[in-house]
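Comments concern the structure below.
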Amino acid sequence: MKMNVLLFGISADLIGASRLEFELEKQSSVADFKELFQEKYSNVTQLNSYAVAVNENYASDDLKLQENDVIAIIPPVSGG
Amino acid sequence: MSNTSVKITAEKLDLNACYAFVADDSCGGIAVFVGTVRNSTQNKEVTQLDFSTYKPMAVKEMQKIADQALESFEIEKIAIHHAEGLLQIGDVPVIITVSAPHRKAAFAACQFAIDTLKETVPIWKKEHFSDGEVWVNAHP
């Protein structure tokens, strides 16, 4: 299934894009996504940590993804 | 009428508007936090800051903080406004105002709001120096 991935802050610089499409097996979880994403875009592992949001909410690793979900890579935030 | 005002804008933040929003006859005090752009980081001179946001999610997360503050503290109203885009030294990236019948709750809620914003709201600041730039907190 096709996923839309948004990249922000330093993650966009590391990967060289602010959005991309990513193909996943049906029934994939956030953990599955992270594993495959890091395989394909290994630069993201230069971050000490990052969170994943699905459809504009922070998502835990066990959340199951649906086709066309919007996934966002959230590097450590620094607002305020 | 809503007791929360949450906003991300590329315009200059309006302290008077944040103050006026929370002002209420039932309140004995208003706590105000104004964030300002500092001219140095670890002894290095900062020339300007660039704030980027995941705007729809950032607004949702700021709204959660405002709602949580209303639930957890004895306060009347809260405004959380954040700027995006390029800011210069002395500019204001964030304003939080809180009104409450008694000052203690206003201070506590204001501190809760800025501390939580810095932890959860998807906003990133890039510091520009005379010789380069760096994403704050990113540690690549």
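The values are calculated or read from the model by the stated rules, or taken from the named source; none is laboratory data. None of the values given here were measured: they were computed from a predicted structure. Note that each Cβ is placed from the backbone with ideal geometry, even for glycine, and that neighbours are counted across all protein chains shown.
Assorted remarks:
- Taking the stretch B:27-40 as the range and being in a strand (DSSP E or B) and loosely packed, with under 13 Cβ neighbours inside 10 Å as the test, only B:Ser40 passes.
- In the stretch A:26-48, the residue that is modelled with the highest pLDDT out of those that are within 16 Å of A:Ile74 (Cβ to Cβ) and not in a helix (DSSP H, G or I) is A:Tyr41.
- Scan of the stretch B:83-100 for residues that are within 13 Å of chain A (Cβ to nearest Cβ) and under 12 Å from the mean Cα position of the chain (by Cα), ordered by number: B:Ala83, B:Glu84, B:Val92, B:Pro93, B:Val94, B:Ile95, B:Ile96
- In the stretch B:118-132, of all residues being part of a loop (DSSP other than H, G, I, E, B) and touching a residue at least 24 places away in the same chain (Cβ under 8 Å), the one that is farthest from the other protein chains (Cβ to nearest Cβ) corresponds to B:Ser130.
- Only one of the numbered conditions (1) out of contact with any Leu (no Cβ under 9 Å at 6 or more places or on another chain); (2) surrounded by fewer than 17 Cβ atoms within 10 Å (Cβ to Cβ) is violated by A:Gln46, and that is (1).
- Count - residues of the stretch B:50-82 that are in contact with a Phe, Trp or Tyr (Cβ under 9 Å, 6 or more places away or on another chain), more than 14 Å from chain A (Cβ to nearest Cβ), assigned to a helix (DSSP H, G or I) and surrounded by 15 or more Cβ atoms within 10 Å (Cβ to Cβ): 2
- Within the stretch A:2-24, being part of a loop (DSSP other than H, G, I, E, B), in contact with an Asp or Glu (Cβ under 9 Å, 6 or more places away or on another chain) and either within 14 Å of chain B (Cβ to nearest Cβ) or at pLDDT below 95 (or both) holds for no residue.
- Among the residues listed as A:Gln38, A:Gln66, A:Gln46, A:Gln27, the single one being among the polar types (S, T, N, Q) and facing chain B (nearest Cβ under 9 Å): A:Gln46
- Scanning the stretch B:1-17 for residues that are under 12 Å from the mean Cα position of the chain (by Cα), outside any strand (DSSP E or B) and under 30 Å from A:Asn55 (Cβ atoms) returns a single hit, B:Leu13.
Table: residues versus (1) of a type in the set (Val, Ile, Thr); (2) on the phi > 0 side of the Ramachandran plot; (3) under 15 Å from the mean Cα position of the chain (by Cα).
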{"residue": "B:Ser40", "(1), (2), (3)": "no, no, no"}
{"residue": "B:Glu45", "(1), (2), (3)": "no, no, no"}
{"residue": "B:Val59", "(1), (2), (3)": "yes, no, yes"}
{"residue": "B:Lys64", "(1), (2), (3)": "no, no, yes"}
{"residue": "B:Phe73", "(1), (2), (3)": "no, no, no"}
{"residue": "B:Glu127", "(1), (2), (3)": "no, no, no"}
